[in-house]
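Working notes, structure below.
The values are calculated or read from the model by the stated rules, or taken from the named source; none is laboratory data. These numbers were taken from a predicted model, which means no experiment stands behind them. All Cβ positions, even for glycine, are placed from backbone atoms using ideal geometry, and neighbour counts span all protein chains on display.
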Amino acid sequence: MLGEYRITGRGAAEISAGVERAVGRGELVPGQLLPPMRELAAELGVNPNTVAAAYRTLRERGVIETAGRRGSRIRPRPASTARGSIRVEAPPGVRDVSEGNPDPALLPPLHDALAAAARHNAREPMLYGRAPVDPELAKLARADLDADGVPPGPVAVTSGSLDAIERVLAAHLRTGDAVAVEDPGWGGLLDLVPALGLRPVPVGLDDEGPRPADLDRALRSGVRAVVVTDRAQNPTGAVVGAARAQELRALLEARPEVLLIEDDHGHRIVDVPLHPLAGVTDAWVLVRSTAKAYGPDLRLAVLTGDAVTVDRVLGRQQLGPGWVSRLLQRAVVHLWTSGAVDARAVARSYGRRRDGLVRALADRGVEAHGRSGMNVWVPVADETGAVARLLRAGWAVAPGARFRMAAPPGVRLTVSSLTDADIGPVADALAEAAGPAPARAYG
């Protein structure tokens, strides 16, 4: 059952820690079956309740999963194994289009913004006891949200989108609660949910976002939260349009107790309108990161939501980091007010490359998806083989396993580094590597 590895320990903490260490070292692999609790208790000479407590801890930490009489197994992708580790290293001479980074040429220089923030700090230094959110940042963010039809709500600031989502989930959910997530979806989120002791429930999607039938199925199964990407969905580029938003809102309106989290990380790099779902459930948030438009190292996102949720986020934040640096907040204020980024030009630049690649693949008979943002998703019949063939052809792409739960195989390409001259060669390599498309392109 466990091969050469033997579980040891006398207490629940020792047993669970030993199993988790073994998973991290690769001594226990995904899918491996653990001994029944009574059997292991007899082997270790401990009370079965001790083993039960150890298994419960491992479930809460996302290391194992239990399926009734079928027993407990190491999770297919345990929380101790980040999806970011599922990657292809690009050797010398191979173009890396796997990382998901913005084009540095489209990011604004930060020296003026940081200098402006420093001057503001000299006049009004941030000290203990001051408001955690810069008033002008909140005002500007709220004006943008109002213009996009997002319901009224207070504003909080976090260290990026994933930090915001983690804080919101922790504010409302308990260990073991189920969370509906897009499949394929953002690998960071798919890692975060089990790491919090929550259970991810995959929701299939198409180019218009989550499929209503799949979301309805997840809601009927009892999920406590739903996470939806409005635009520039990672990895597929899906966009929630007006008609789809109406369908999704109707489903959520019938489940007002469900927590709704909307991720709008594509703000200021996309040219498609936002159709928010917010406001139909009692608890909701919409998160906007500055990473893609202004640089990942700013580590800043704004969120709005219902008053209770935002208050919980701010209250818990005060017990940890306290606040996101007001210097960074003021730098973002400068970037927003100085016109440092022409959002329409940025969206056109990514769109030209993304649409060009999708068209080139269509001309070669290859299905591809990418309605917005900087990524293109290509369904493939054999993911491992496709990645290897592309690597030999000089292109390192992101394996779809970084983003999938139940969805069919695929690969993701980030177009940020592509030039017009690159489109043909990468499309040729993809056409050679992809093979016949699977019957279902999405989850």
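Could you list, in sequence order, all residues of segment 174-187 that are in contact (Cβ under 8 Å) with a residue 40 or more places away in the chain and surrounded by fewer than 19 Cβ atoms within 10 Å (Cβ to Cβ)? Of everything in segment 174-187, those that are in contact (Cβ under 8 Å) with a residue 40 or more places away in the chain and surrounded by fewer than 19 Cβ atoms within 10 Å (Cβ to Cβ) turn out to be Thr175, Gly176, Asp177, Ala178.
If the requirement is being assigned to a strand (DSSP E or B), on the phi < 0 side of the Ramachandran plot and out of contact with any helix residue (DSSP H, G or I) (no Cβ under 7 Å at 6 or more places or on another chain), which of these qualifies: Arg73, Arg56?
After applying the criteria, what remains is Arg73.
Listed by position, the helices (runs of 4 or more DSSP H) contained in segment 146-221 that have at least 1 residues being on the phi < 0 side of the Ramachandran plot and modelled with pLDDT under 95 are 187-195.
Within the span defined as segment 26-33, every residue fails to be buried (at least 18 other Cβ atoms within 10 Å of the Cβ) and modelled with pLDDT of 90 or more. Can you confirm whether Val46 is surrounded by 13 or more Cβ atoms within 10 Å (Cβ to Cβ) and in contact with a Lys or Arg (Cβ under 8 Å, 6 or more places away or on another chain)? Yes.
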